[in-house]
Amino acid sequence: MAQNLTISNTSNDFKKALELGRPENIKSLFPNSHALIVSGKYIDRAMIKKGKAMTIAANGRNYFIIKGALMAAQRANAAIIIEIARSEGGTSAYCPVSLWNIARHVDSLCNELNITIPVAIHADHFGIKNVDEIEQAKLEITSLFDAGITSIALDASHLPDAQNLLTNIELKPFVPDWAGLETEVGEIKGKSGLSTVEEALFLIQGLNAHNIFPNWIALNNGTTHGIEESGTGINVELTQEVHKALAKYNISGAQHGTSGNSSAKLMEIAQKTRTTKANVATALQMISWGVEVNDYGNAIFDHNKDFIKQPDRGVSEETWKKMLDFAQKHKLKAGDFKKLNLPFENIFLAQPKEIRDRMSKGVEEFIFNMLVNLFNARDTASIAIEDIIKCGSPDPGPKSVRVENPDDWTKEEIIRKGALIQSDKGGEGNFDD
């Protein structure tokens, strides 16, 4: 077994990082806490400093996923991101964990479990589907940071390229400068509507001209959210091409739709691209329930196309039967089982302790393997803590500097340039998560 290099919560370095690295919203919410909740910027920087490393952004659809993810990161001494998407935990949530309570879950568990690794709380896919939603988004984004979010993905990828860029520019003032920032080009919809270098450059150059320097860009590089059915998965070559074109802007990649991709592809994306953040959602949900998955987290079906529940893993057999009965009554297909999270959370919590513990343990084992054997994230927690102490602030500063001329990126010029972009947006549909 590898030596455990985890920093204890009594060490001088941890105490310094706790004092220096927590943003003001976290200090205000949790004044007596020993949870090292930090900006997403520090997580990104730790992966860059490690080199050819990325960490998991674990979608905490339920309590057990968050607990398992934190335990895995502690074991691996890895900096980590815990996130929930707007569709999962927004105002129309289907999960009990929301954008407004996720930081409280993380803080509580970190203190309960003596977690000493740095954690960012990320609002994933804060989606804007039309310009009429922008004013409401300004209110919500402010409230999210009041509630402990430390990183956000502004996702207007559903809109035409020019409007995507203009929406990012309009919403950025509502995101604190110290916070991690992700932007997106192209909806995550599999092999349909793949992102292009032209689209990515347009978005990042326009943001740069307005002094906006995201940590991450997410692409449609061939993956899907949910259960991976196409068998195509991550297009590593496309990702390399886009990241190479964006190199001078010093932006990292965010890999979406990670569930269902082979271990080989995940290792490639870590080793061959500038990706530092890998979102995992559906796989963790299934594992916490005890559904049988293959080695890269895709659910395995029986001959009737039903999920296979492992009797010694996840929820109790009684609870699983209740879940199946509920799904049948409400005509939920396999891809809609995610909607069981909200009505069943209290039922999950009411199970015997040994059942609750094994729900989190399954998640822990899966994530630990990813962090150590696929993502090369081991010991990035120590790198992040050292970086926090060196910077002496919750904000390590921007990733880049302005190199684009603002006069070339006025609203009128953005609309004109956007109209010239040739791209295939793919078919219509709901690709939120």
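Every number here is computed from the coordinates shown, using simple stated rules; none is lab data. Remember, predicted model here, so these are calculated numbers, not experimental data. Ideal geometry is used to build each Cβ from the backbone, glycine not excepted, and the neighbour counts take in all protein chains shown.
Worth pointing out:
- Estimated D of the stretch 90-227 in µm² per second, where Rh is the Kirkwood radius over Cα pairs and Stokes-Einstein applies at 20 °C, 1.002 mPa s: 134 µm²/s
- Fully extending the segment from Phe326 to Phe174, taken as 0.36 nm per residue of separation minus the present Cα-Cα distance, adds 50.7 nm.
- With the charge dipole of the chain set up from +1 on Lys and Arg Cβ and -1 on Asp and Glu Cβ about the Cα centre, the Cα lying farthest toward the positive end among the listed residues Thr319, Asn101, Asn25 is that of Thr319.
- With the convex hull of the Cα atoms taken as the outline of the stretch 76-143, the averaged projected area works out to 5.3 nm².
- Note on Leu113 and Gln310: the model spin-label points, each 7 Å out from Cα along the C-beta direction, lie 1.8 nm apart.
- A Cβ-based charge dipole, computed about the Cα centre of the chain with Lys and Arg at +1 and Asp and Glu at -1, lands at about 880 debye.
- Placing unit charges on the Cβ atoms of the charged side chains and taking the dipole of the chain about its Cα centre, the candidate lying farthest along the positive direction among Gly148, Ser423, Gly290 is Gly290.
- Exposed GluC sites (Glu not before Pro) absent: longest stretch of the chain, with sites in DSSP loops and at most 15 other Cβ within 10 Å deemed exposed: 1-228
- Longest exposed-site-free window of the chain, the sites being trypsin sites (Lys or Arg not before Pro) in a DSSP loop that have at most 11 other C-beta atoms within 10 Å: 1-304
- Beyond 26 Å, the tail of the calculated P(r) for the chain holds 52 percent of the Cα pairs.
- Largest mean-square fluctuation among Ser195, Ser92, Ser157, in a Gaussian network model of the chain whose springs join Cα atoms under 10 Å apart, belongs to Ser92.
- Environment charge at Glu404 (Cβ cut-off 13 Å; Lys +1, Arg +1, Asp -1, Glu -1): 0
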